[in-house]
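> Got a structure here, written out as structure tokens. Questions coming.
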Amino acid sequence: MKFNKIKKAVSLLGVGLLMTGVIAGCGSGGSGGSGVKIMYVTNTLDDYRTLLQEAVISTASTEGVTLDVQEGTSSVDDQVNQIKSAVSGGYDAIICLMADSSTALQLEAVAGDLPIVFVNSMPSEDQLEADQYMYVGSQERDAGTFQAEYVWDKLGKPSSLNALIFMGEAGHSGTIGRTSAVKDYFKDNGVNANFVFCDYATWSDEIAAEKFEIFLKTKQDFDAVFCNNDTMATGIVKAMQKHGFDTQEIPVVGVDATAAGCQSIIDGGMQFTAYQSAAGQGEMGIKTAVALATKGSAKGLEGLTDDGTIVWVPFEPVTASNVKDYQ
């Protein structure tokens, strides 16, 4: 499955104008969602979430969907109230990037019979229901596996190594899946991987750099740095270079293939990232919601799991050899 890569060069002015009101899709590329009214409930915006929101808006326009983009919030109470307004406002479906992935049941209880398509942050699979409460996103464990495979190969497949892990938000499915996959990869391959520092940096370059400074006080050696996203990875690269560490000898790896992440690879900072398609997740989020609103079923959508609860959008490995394809 291939998706066009939406870049941050897309004007954010339009996004700002859409935050508080309802927009009617008028694109000429499709009409499958004509007459469908969808609310997009999202978390506080960052680089990746902004790209995802742009993709949701773009696809809604192409599909002829009427879309209401709610102001991004990290408050569960705010998201509950936004979903309540969708129920009372005559919407046909909700797309939701949860503030806390453990609150899916709470959000579902408020939505009632109104379908929810969760995107990017995955709830527990037992909280999903085919054609009612679904998930669109990328298989988080694949990103961590790609990272670990790259690092192990880069270091010459050693029997042991010391590594740092900088994680995203506590409880986020990306944090859990990517981190556990890195650890499992080395365990499964008989590698004695000693994770000498593992802490949350909540997707932030500044927090990651601050945590790296704390790690340096332990005076431990390290062979590689795993970051759950590119923003943290670029923060680590800057901190390492400040202290004279060679990032071509000690690989720093991220996830998302953001513009900054790709540029860091080109500049000799980061060595690897896993492309998470904001364009693909936004596109399939809208298409899944439209299918549920118009047909009551997501059957036939590309990437749909056999049990009908998840639509997967694949990760793609990005290194210096192919990074220009992702700029």
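The values are calculated or read from the model by the stated rules, or taken from the named source; none is laboratory data. Keep in mind that what you see is a predicted model, and the values were worked out from it rather than measured. Virtual Cβ from ideal backbone geometry, glycine too; neighbours counted across all protein chains shown. Heavy atoms of the whole protein, side chains included, go into the accessibility calculation; ligands, DNA and RNA do not. Shrake-Rupley method; radii C 1.70, N 1.55, O 1.52, S 1.80 Å.
> Take the alpha carbon atoms of region 265-327, find their radius of gyration, then divide it by 2.2 N^0.38 Å using N residues; give the quotient.
1.49
> With viscosity set to 0.890 mPa s at 25 °C, what whole-number translational diffusion coefficient in µm²/s follows for region 174-327 from Stokes-Einstein and a Kirkwood radius over Cα pairs?
142 µm²/s
> Also: Go from 0 up to the bin containing the longest alpha carbon distance in region 130-211, width 5 Å each, and give me the % of pairs per bin.
3, 14, 22, 22, 17, 11, 6, 3, 2, 0
> Could you tell me the calculated FRET efficiency between A130 and S321, based on Cβ-Cβ distance and R0 = 30 angstrom, to the nearest 0.05?
In this case the efficiency is close to 0.15.
> Before I look further, what does region 263-327 give for accessible area per residue, probe 1.4 Å, in whole square angstrom?
39 Å²
> Can you check how the C-alpha radius of gyration of the chain compares to 2.2 N^0.38 Å, as a plain ratio?
1.01
> Let a ≥ b ≥ c be the square roots of the eigenvalues of the Cα gyration tensor of region 125-174; is it rounded (a/c under 1.5), or, if not, prolate (a/b larger than b/c) or oblate?
Since a/c reaches 1.5 and a/b is larger than b/c, the shape of region 125-174 is classed as prolate.
> So what is the relative contact order for region 57-156, in percent, with contacts set as C-alpha pairs under 8 Å and at least six apart?
Relative CO of region 57-156 lands at 19 percent.
> Take the residue pairs K187/K242; K217/K324; K217/K238; K211/K324 and return only those whose Cα atoms are more than 27 Å apart.
Too far apart for the 27 Å limit: K187/K242; K217/K324; K211/K324.
> What 222 nm value per residue comes from the helices of the chain, counting each DSSP H run with n ≥ 4 as -39,500 (n - 2.57) and dividing by all residues, nearest 500 deg cm²/dmol?
-12000 deg cm²/dmol
> E71 versus D221, label points 7 Å from Cα toward the beta carbon: distance in nm?
Distance between label points: 5.3 nm.
> While we're here: Under a cut-off of 15 Å between alpha-carbon atoms, report the aspartates and glutamates in cross-link reach of K154, not counting same-chain residues fewer than 8 places apart.
D223, D246, E249
> Return the distance in nm (one decimal) between the two label points of a simple spin-label model at V196 and E213, each offset 7 Å from Cα along Cα→Cβ.
The modelled label-to-label distance comes out at 2.0 nm.
> Something else now. Could you calculate the contour length gain from S160 to K187, that is, 0.36 nm times the residue separation minus the distance between their Cα atoms, to one decimal place in nm?
8.7 nm
> Related question: For the chain, what relative contact order do you get, as a whole percent, if you take Cα pairs closer than 8 Å and at least 6 residues apart?
In percent, rounded to a whole number, it is 19.
> Taking H as built 1.01 Å from N, whose amide H comes closer than 5 Å to the amide H of D68, not counting residues under 5 places away?
Result for D68 returns I23, I38, M39, Y40.
> Residues of region 147-198: accessible area per residue at 1.4 Å, in Å²?
Value returned for region 147-198: 41 Å² of accessible area per residue.
> Please list, in chain and number order, the residues 5+ apart from Y275 or on another chain whose amide H is under 5 Å from its amide H, with Hs placed from the backbone.
So Y275 has HN proximity to D256, E316, V318.
> Would you mind computing, in nm to one decimal, how far apart the modelled labels at S34 and T294 are, each placed 7 Å from Cα along Cα→Cβ?
The two pseudo-label positions are separated by 0.9 nm.
> So what are the radius of gyration and Dmax for the Cα set of region 84-150, in Å?
Just the Cα atoms of region 84-150 yield Rg and Dmax of 14.0, 49 Å.
> Right, another one. Nothing charged except the Cβ atoms of Lys and Arg (+1) and of Asp and Glu (-1): what's the magnitude of the dipole of the chain about its Cα centre? Round to the nearest 20 debye.
Roughly 540 debye, rounded to the nearest 20.
> Could you tell me which of rounded, prolate or oblate describes region 67-204, using a ≥ b ≥ c as the square roots of the eigenvalues of the alpha-carbon gyration tensor, with rounded for a/c under 1.5 and, failing that, prolate when a/b is larger than b/c and oblate otherwise?
Prolate shape, in that a/c is at least 1.5 and a/b is the bigger ratio.
> Between rounded, prolate and oblate, where does region 180-221 land on the alpha carbon gyration tensor, with a ≥ b ≥ c its root eigenvalues, rounded for a/c under 1.5, else prolate if a/b exceeds b/c?
oblate
> Round to a whole number: what % of the accessible area of the chain belongs to carbon and sulfur, probe 1.4 Å?
48 percent
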